[in-house]
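The values are calculated or read from the model by the stated rules, or taken from the named source; none is laboratory data. Just so it is clear, the structure is predicted and the values come from calculations on it, not from any experiment. Virtual Cβ from ideal backbone geometry, glycine too; neighbours counted across all protein chains shown. Calculation scope for accessible area: heavy atoms of the full protein, side chains included, ligands and nucleic acids excluded. Shrake-Rupley method; radii C 1.70, N 1.55, O 1.52, S 1.80 Å.
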Amino acid sequence: IALVGPSEPQGRQPGEWGAFGAHHDEGRITRCTDPDPTWALLAQRSIDRYAEIEEQSGVQFFSEVGHLAVGPAGAPSLVARAANAAAQGVPHELLDAAALRERYPYLSFPAGAAGVWEPRRSGHISARRLVAAQISAAQRCVRPGVAFERVDESAVAVEEAAAKAAAGTDQATGEAEGEAPAPSYRVLLRDGRELRAAR
């Protein structure tokens, strides 16, 4: 098992965050609803893995506090978000301006506002703790025949390697003759190194 990615740099200045510019803080929103149906589906698949990763790693990173999207009533983004939620079976609630003011008296909403409230499978994560959880879960998979390596570098490309026909039994994969080989990939690193990976 190889985990590829640079460690978070210490003491960096604004403008030097690079790949960490989007998640160097502790709170990142996560939710199942989105105006884009593909993005919404991918988010749901990720969120569905949170509990498993937390259990495998012993690291808690997800706070399921819900998600509220607010905008002008009838705004295309809100309409699309609600439509995608309904089509994908995501529990949600539509709130008009009066309902928003009643439920959230400590917030100030403009006239004509509306909201989409998502009560479950949404909230925020600690990106740092998620990374720690993924590393811990991978390390716990180590056993005879399974090694772990942390590659402290950025990947710049992942390419599918050409498949080779199986002949007899492959000593590396244990695949019998006639079986289709597992997909393999070339992972190119920023420092010029190349890794080979297989599923």
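With a simple spin-label model that places each label point 7 Å from the Cα along the Cα-to-Cβ direction, the separation between Ser184 and Glu64 comes to 4.2 nm. Annotation: peptides 76-82, 98-104, ranked by per-residue average of other Cβ atoms within 10 Å with the highest first, follow the order 76-82, 98-104.
Computing FRET efficiency as 1/(1 + (r/R0)^6) for Val146 and Arg120, where r is the C-beta to C-beta distance and R0 is 35 Å, gives about 0.50. Note: relative contact order over segment 1-159, using C-alpha pairs below 8 Å and six or more positions apart, is 39 percent.
Extending 7 Å from Cα along the Cβ direction at Phe109 and again at Ala80 yields two label points whose distance is 2.2 nm. Label-to-label distance for Arg193 and Gln88 is 3.6 nm, based on points extended 7 Å past Cα in the beta-carbon direction.
When Cys141, Cys32 are compared by accessible surface with a 1.4 Å probe, the order from highest to lowest is Cys141, Cys32.
Shape class of segment 48-155 from the Cα gyration tensor (axes a ≥ b ≥ c, square roots of the eigenvalues): prolate, since a/c reaches 1.5 or more and a/b is larger than b/c.
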